[in-house]
1. Taking the condition of being in a loop (DSSP other than H, G, I, E, B), surrounded by fewer than 21 Cβ atoms within 10 Å (Cβ to Cβ) and over 28 Å from the mean Cα position of the chain (by Cα), how many residues in the range 89-111 meet it?
2. Need at least 3 residues that are at pLDDT 50 or above per element, so show me which helices (runs of 4 or more DSSP H) inside the range 1-68 make the cut, counting only ones lying wholly within it.
3. Filter the range 112-131 for residues that are within 19 Å of residue 96 (Cα to Cα) and surrounded by fewer than 20 Cβ atoms within 10 Å (Cβ to Cβ) and give the result.
4. Go through the range 118-141 and give me each residue that's part of a loop (DSSP other than H, G, I, E, B) and on the phi < 0 side of the Ramachandran plot.
5. Here are some residues: 189, 151. Which one is assigned to a loop (DSSP other than H, G, I, E, B) and not assigned by TED's automatic domain parsing to the domain that holds residue 75?
6. Looking only at residues that are touching a helix residue (DSSP H, G or I) at 6+ places or on another chain (Cβ under 6 Å) and not in a loop (DSSP other than H, G, I, E, B) in the range 197-247, which one is surrounded by the fewest Cβ atoms within 10 Å (Cβ to Cβ)?
7. I need the full set of residues from the range 152-184 which are closer than 30 Å to residue 207 by Cβ and over 21 Å from the mean Cα position of the chain (by Cα), in order please.
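The values are calculated or read from the model by the stated rules, or taken from the named source; none is laboratory data. Since the model is a prediction, treat every value here as computed from it, not as a measurement. For neighbour counting, all protein chains shown are included, and Cβ atoms are generated from backbone atoms with ideal geometry for every residue, glycine included.
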């Protein structure tokens, strides 16, 4: 009887996945339904249209809940800082009849960060402060927006006198900086492309190719042979991690732009 109980206990224990078991599970195809990881068929999120991180609950995504604590390494990317970063574009002209940013948001105690946060929460990627108290947002600049001398943005933010919140008919303009995560080096073939779309980018660099892909609405950017730029919303045709990405970028020899039939692969988190 004791031997039977011991045998039963061993069977139950062996049926419970452990971290070592999870690490040894075979890696299968890219997730097509947003499910991933050790408990969801061993599909990977790398290359998935749902996001590159596999959460502890077995779902693909790109937000901190997917990429942070509990993220399943080996089934995608983990540990990504998806905190929004903003870059100043300088001072831009604005007027009531031809707005540079088309949405106004009321922000009590306006500061640069408060306006940025309000715009981000509403889903906008541009933020602008004007007349100190005003906050404008948009997904693009409008009406042939033009920069003006920085001296025209000269009004302090009401809630923080050390910051500048635009001027009279002048916006302190900011834009969200895209977050691209390197996925490593991926295989490619002229007969079966890993990324479906090719762009001609003069003086190719990692940043130029990423910018071209983002402008085209793509989540993945890949550089190859130093001069080539590819984009897509999924990793296709069995593209997989490989070696051989060692070719300098045509426009910046300090950067690597893939290799022979090898893509330096990046994923756009936001």
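1. Qualifying residue count for the region: 6.
2. 64-67
3. Once the filter is applied, which keeps residues that are within 19 Å of residue 96 (Cα to Cα) and surrounded by fewer than 20 Cβ atoms within 10 Å (Cβ to Cβ), the range 112-131 yields only 131.
4. Hits for the range 118-141 are 122, 124, 125, 133, 139, 140, 141.
5. Working: 151 fails: assigned to a loop (DSSP other than H, G, I, E, B).
Exactly one residue qualifies, and that residue is 189.
6. Ranking the candidates gives 199 first.
7. Listed by number, the residues that qualify are 152, 153, 163, 164, 165, 166, 170, 171, 172, 173.
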